[in-house]
Amino acid sequence: MIHRSKAPLRIGLAGGGTDVSPYSDLYGGAILNATLSLYAHATIEASTEGIILNSIDQQQEEKFDWSEELPVDGHMKLLKGVYNRIQKDYNPPRMNFRLSTFVDAPAGSGLGTSSTLVVAIVGAFAEMLKLPFGEYDIAHYAYQIERKDLGLAGGKQDQYAATFGGVNYMEFYSGDKVIVNPLRIKQQYLFELENNLLLYYTARSRESAKIIERQAKNVETNKLASIEAMHHLKEQAQTMKEALLTGKLNDIGEILDYGYQQKRKMAEGISTELMDDIYETAKLAGATGGKISGAGGGGFMIFYCPANTKYNVIKSLEKFGGVHRNYQFVEHGLTTWTV
């Protein structure tokens, strides 16, 4: 039998960074995000050669004799981390298998690739072992593996977006408490948002953990400018929610632009000179606002381009060497199946 899963990547529309501890623990965070037709995929199938881990997009493969715990040594940490946690918590029957993964966007691109991949791998194991996981269970389990077991810095939104899917307003509190509020947005509003929102890859990846660590340190050391910026981003999530629900789509560019200015104040390295140049070029070509996706420093950016300005913006950004990606919003989250 072959056990498969896929989980959608996401774009954050507002509130980015307020899901990161210690800010969310001290003040409570809020984020509005939406999942896209770009996925992290995982497949588990029987093997006669022990345990084989294969990250197809990263062109990495490792083979091991069967063991209750695999060494987490820098290669394919996420795959090993999920396996080790499943073994520790559920002690499944000894078996040899091949775990293969693939992600539709580059690592470090700001679309939640790492966390979404963990969700997909957890989903594949849950499908194979028939584990009684609900949506909140899977998201929290993936969060624990990535943040606690592997010690990788980051927030909480990605695991929940990948598991639940759709457009969600998420609230974050102390004690790792997360509340996911699915938004019932009229279809024509979503179509218009999809038409006007340009997804642009800067062709520069980044290591989000370092930026997030600086952000967390700014809160720990009570750096008021950084904390105040996070307060404004939390308010931005509420404003964005109201705009989407009521169809005030002409306000979205300005809401994004406000968030862009605030996010740059959260931590050093979120924005770069290149990204500022890209942003200003897009606005001169007709975009009314935009944002850096994920922690910043590179990866994807999004721009709100009303009317038909999207095509002018795409043309104006050609000189920077990046590419735009086509996508659709998707309502489904983690999906698993067996063949």
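The values are calculated or read from the model by the stated rules, or taken from the named source; none is laboratory data. Keep in mind that what you see is a predicted model, and the values were worked out from it rather than measured. So basically every Cβ, Gly included, is an ideal-geometry build from the backbone, and we count neighbours across all protein chains shown.
Applying the selection to the stretch 18-43, what residues are surrounded by 23 or more Cβ atoms within 10 Å (Cβ to Cβ), of a type in the set (Val, Ile, Thr) and modelled with pLDDT of 95 or more? The answer is Ile31, Thr35. Taken together, the residues in the stretch 231-247 that are touching a helix residue (DSSP H, G or I) at 6+ places or on another chain (Cβ under 6 Å) and either farther than 22 Å from Val167 by Cβ or not hydrophobic (A, V, I, L, M, F, W, C) (or both) amount to 4. State yes or no: is Ile302 in contact with a Phe, Trp or Tyr (Cβ under 9 Å, 6 or more places away or on another chain), under 21 Å from Ile31 (Cβ atoms), touching a residue at least 60 places away in the same chain (Cβ under 8 Å) and not basic (Lys, Arg)? Spelling it out, Ile302 is indeed in contact with a Phe, Trp or Tyr (Cβ under 9 Å, 6 or more places away or on another chain), under 21 Å from Ile31 (Cβ atoms), touching a residue at least 60 places away in the same chain (Cβ under 8 Å) and not basic (Lys, Arg). Restricting attention to the stretch 70-79, the residues that are part of a loop (DSSP other than H, G, I, E, B) and touching a residue at least 60 places away in the same chain (Cβ under 8 Å) total 1. Residue pairs whose Cβ atoms lie under 8 Å apart, separated by 6 or more positions or on different chains, with the first residue in the stretch 179-204 and on the phi < 0 side of the Ramachandran plot and the second acidic (Asp, Glu) and assigned to a strand (DSSP E or B), are Ile179/Glu171; Asn181/Glu171.
Could you tell me whether any residue of the stretch 153-166 is among the aliphatic types (A, V, I, L, M) and surrounded by fewer than 19 Cβ atoms within 10 Å (Cβ to Cβ)? Within the stretch 153-166, not a single residue is among the aliphatic types (A, V, I, L, M) and surrounded by fewer than 19 Cβ atoms within 10 Å (Cβ to Cβ). Go through the residues of the stretch 121-130 one by one and say whether even a single one is in a loop (DSSP other than H, G, I, E, B), surrounded by fewer than 23 Cβ atoms within 10 Å (Cβ to Cβ), at pLDDT 95 or above and at positive phi. Yes: one or more hits. Just to be sure before I move on: is Leu256 of a type in the set (A, V, I, L, M), at pLDDT 95 or above, surrounded by 18 or more Cβ atoms within 10 Å (Cβ to Cβ) and in a helix (DSSP H, G or I) in the structure I sent? Spelling it out, Leu256 is indeed of a type in the set (A, V, I, L, M), at pLDDT 95 or above, surrounded by 18 or more Cβ atoms within 10 Å (Cβ to Cβ) and in a helix (DSSP H, G or I).
Every residue, every condition in (1) touching a Phe, Trp or Tyr at 6+ places or on another chain (Cβ under 6 Å); (2) outside any helix (DSSP H, G or I); (3) not aliphatic (A, V, I, L, M), yes or no:
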| position | (1), (2), (3) |
| --- | --- |
| Glu68 | no, yes, yes |
| Gly81 | no, no, yes |
| Lys88 | no, no, yes |
| Met95 | no, yes, no |
| Phe102 | no, yes, yes |
| Gly108 | no, yes, yes |
| Ser115 | no, no, yes |
| Ala142 | no, no, no |
| Ile145 | no, no, no |
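Any chance you could count how many residues in the stretch 136-178 are of a type in the set (Gly, Ala, Ser) and closer than 25 Å to Tyr327 by Cβ? Count: 8.
Those strands (runs of 3 or more DSSP E) of the stretch 281-339 in which 3 or more residues are at pLDDT 95 or above and not aromatic (Phe, Trp, Tyr) occupy 335-338.
Being in a loop (DSSP other than H, G, I, E, B), assigned by TED's automatic domain parsing to the domain that holds Leu32 and at pLDDT 95 or above holds for only one residue in Phe133, Phe172, and it is Phe133. Here Glu49 passes the criteria (1) in contact (Cβ under 8 Å) with a residue 40 or more places away in the chain; (2) farther than 23 Å from Val339 by Cβ; (3) surrounded by fewer than 20 Cβ atoms within 10 Å (Cβ to Cβ) except the one numbered (2). Scanning the stretch 34-62 for residues that are under 21 Å from Met1 (Cβ atoms) and charged (D, E, K, R) gives Glu45, Glu49.
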